[in-house]
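Engineer: Please see the structure below; I have some questions.
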Amino acid sequence: MTDQHAAAPTLSVVVPVYDEAAVLPALETRLFTVLEAACPEYEVVFVDDGSSDESPTILLGIAERNPRARVLRFSRNFGHQAAVTAGIEHARGSAVVVIDADLQDPPEVIPDLLAKWREGFEVVSAVRAERLGEPPLRLFLIKAFYRVLQRIASVDMTPDVGDFRLIDRRVADALNRLPERNRYVRGLVRWLGFRHTEVRYTRAERFRGETKYPFTKLVRLALDGVTAFSNFPLQLVAYLGFAVFALSVLLVLYALFGRVFSGETPAGWTSVFVAVAFLSGVQLVALGILGAYVSRIFEEVKARPLYVIASDSARPTADVILPGQSATSSSL
Ligand code: UDP
Ligand code: MG
């Protein structure tokens, strides 16, 4: 959905914001300084993902001071990937950069992304060469996840790439047309293809505040990534089924031979118990894997909008906006 009344800027910067009141003043200074110098024809699209702190007020203040800033406010917390999606959908620039609000993605890297874009690359990912200030266990698990996903995914996923990247208008338009509700944005961008390159940077510590990605949300994001880009877990269930079946055939033969030829049966309780416990474990895991896919099919089938925008600073009089609707045709 584009605003036709103003000339499209060269660069749009999308910033998802969830309870970031503590970092927004510093972000304002650093981001706008960088942008004024690097690409004066810019806009910043802040997407407030249902913050419950002072963030919305601060954002509106920023938008008042700087007419190049725009604030979209979700009606509640819809999650990081939904906020990124909404920002990209409303961005009008010839290039779109997505950056975290907490200054872990340094705005000072944006000129490097722009330089690569001007060389002709359509997707420029910022790769974390180093990550500072995150607990070792969390880092280890994140690293392991990216390695596994890289192996099993149907598209090439560079490890250590988050959502900090520049995409060309053509990529943004293509991304906006993907109907999937399960928005693992970094995967979708790679799936789209286009000319891709990387810029390396050191991921800073979060400037202030707590991570908004507690472990549960992180696991959910990881599962979204796996289910959206790999059928391997489903194949694994099938392989496991075959393996267990083969094993059980051997056990049956063993039991029958024992009974017929030596008149002995395998000792009762232990063998039955082991078989029951093992098989119910395997079956529950298999069900869980199936369930993960089914629940995502369910999400897609319901076709509920990914987010609801309660207000837009660029159109103060507009009604509630759903994805793919113009601001005036709201029909909630
Ligand atoms: N965020 C969001 N909605 C959420 C969680 C996070 O918009 O439900 C934003 C958050 O404000 C930040 C970015 O997404 O700008 C990344 O979140 P965070 O820094 O907490 O994640 P981490 O860097 O710890 O993985
Ligand atoms: Mg962060």
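The values are calculated or read from the model by the stated rules, or taken from the named source; none is laboratory data. Quick caveat, the model's predicted, so the values are computed rather than measured. With ideal geometry, Cβ positions are generated from the backbone for all residues, glycine too; neighbour counts draw on all protein chains shown. Remember, those area values only see protein heavy atoms, side chains included, never the ligands or the DNA or RNA. Shrake-Rupley method; radii C 1.70, N 1.55, O 1.52, S 1.80 Å.
Engineer: Check PHE273 against each of (1) in a helix (DSSP H, G or I); (2) open to solvent by less than 70 Å² (accessible area, probe 1.4 Å); (3) among the aromatic types (Phe, Trp, Tyr) and name the one condition it does not meet.
Structural biologist: If we test PHE273 against (1) in a helix (DSSP H, G or I); (2) open to solvent by less than 70 Å² (accessible area, probe 1.4 Å); (3) among the aromatic types (Phe, Trp, Tyr), just (2) comes out false.
Engineer: Let me ask something else about it. For segment 192-210, how many residues are within 12 Å of ligand 1 (Cβ to nearest atom), open to solvent by 60 Å² or more (accessible area, probe 1.4 Å) and in contact (Cβ under 8 Å) with a residue 12 or more places away in the chain?
Structural biologist: Qualifying residue count, segment 192-210: 3.
Engineer: Being over 20 Å from ALA204 (Cα atoms) and touching a Ser or Thr at 6+ places or on another chain (Cβ under 7 Å) narrows it down to one of ARG118, ARG70, so name that one.
Structural biologist: Result of the check over ARG118, ARG70: ARG70.
Engineer: Can you tell me which of (1) under 19 Å from the mean Cα position of the chain (by Cα); (2) over 28 Å from GLY187 (Cα atoms); (3) of a type in the set (Asp, Glu) is the one GLU264 doesn't meet?
Structural biologist: (1)
Engineer: Could you check segment 74-91 and list, in sequence order, the residues that are surrounded by 21 or more Cβ atoms within 10 Å (Cβ to Cβ) and over 16 Å from the mean Cα position of the chain (by Cα)?
Structural biologist: Selection gives PHE74, HIS90, ALA91.
Engineer: Could you say which residue among LEU240, LEU256, LEU251, LEU234 is part of a helix (DSSP H, G or I) and in contact with a Phe, Trp or Tyr (Cβ under 7 Å, 6 or more places away or on another chain)?
Structural biologist: It is LEU234.
Engineer: Name the residue, out of ALA101, ALA69, ALA82, that is in contact with a strand residue (DSSP E or B) (Cβ under 6 Å, 6 or more places away or on another chain) and away from ligand 2 (no atom under 16 Å from the Cβ).
Structural biologist: ALA69
One line per residue, one yes/no per condition, for (1) more than 17 Å from the chain's Cα centre (by Cα); (2) among the aliphatic types (A, V, I, L, M); (3) not in a strand (DSSP E or B):
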residue: VAL97; (1), (2), (3): no, yes, no
residue: ALA101; (1), (2), (3): no, yes, yes
residue: ASP105; (1), (2), (3): no, no, yes
residue: ASP112; (1), (2), (3): yes, no, yes
residue: LYS116; (1), (2), (3): yes, no, yes
residue: VAL127; (1), (2), (3): no, yes, no
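Engineer: Continuing with this model, one more query. Considering each of ILE58, ILE88, ILE62 in turn, give the residue that is away from ligand 2 (no atom under 16 Å from the Cβ), assigned to a helix (DSSP H, G or I) and touching a residue at least 40 places away in the same chain (Cβ under 8 Å).
Structural biologist: ILE88
Engineer: What pairs come up if the first residue lies in segment 153-177 and is part of a strand (DSSP E or B), the second is among the hydroxyl-bearing types (Ser, Thr, Tyr) and modelled with pLDDT under 95, and their beta carbons are under 6 Å apart, counting only those six or more places apart or on different chains?
Structural biologist: VAL161/SER125; ARG165/SER125
Engineer: Considering only segment 130-141, I want to know if a residue exists there that is assigned to a strand (DSSP E or B), in contact with a strand residue (DSSP E or B) (Cβ under 7 Å, 6 or more places away or on another chain) and modelled with pLDDT under 80.
Structural biologist: yes
Engineer: Hey, another quick one. Given GLY50, GLY93, which one is within 12 Å of ligand 1 (Cβ to nearest atom), touching a Ser or Thr at 6+ places or on another chain (Cβ under 8 Å) and not in a helix (DSSP H, G or I)?
Structural biologist: Result: GLY50 is the single residue among GLY50, GLY93 that is within 12 Å of ligand 1 (Cβ to nearest atom), touching a Ser or Thr at 6+ places or on another chain (Cβ under 8 Å) and not in a helix (DSSP H, G or I).
Engineer: Okay, next question. Can we say PHE145 is under 27 Å from VAL226 (Cβ atoms), surrounded by fewer than 16 Cβ atoms within 10 Å (Cβ to Cβ) and either free of Cβ contacts under 8 Å to residues at least 40 places away in the same chain or more than 15 Å from ligand 2 (Cβ to nearest atom) (or both)?
Structural biologist: no
Engineer: Would you confirm, using the coordinates I've provided, whether LEU188 is modelled with pLDDT under 85 and surrounded by 15 or more Cβ atoms within 10 Å (Cβ to Cβ)?
Structural biologist: Answer is no for this residue.
Engineer: Scan segment 16-47 for residues that are crowded, with 18+ Cβ neighbours inside 10 Å, part of a helix (DSSP H, G or I) and of a type in the set (D, E, K, R) and jot them down.
Structural biologist: Of everything in segment 16-47, just one residue is crowded, with 18+ Cβ neighbours inside 10 Å, part of a helix (DSSP H, G or I) and of a type in the set (D, E, K, R), namely GLU28.
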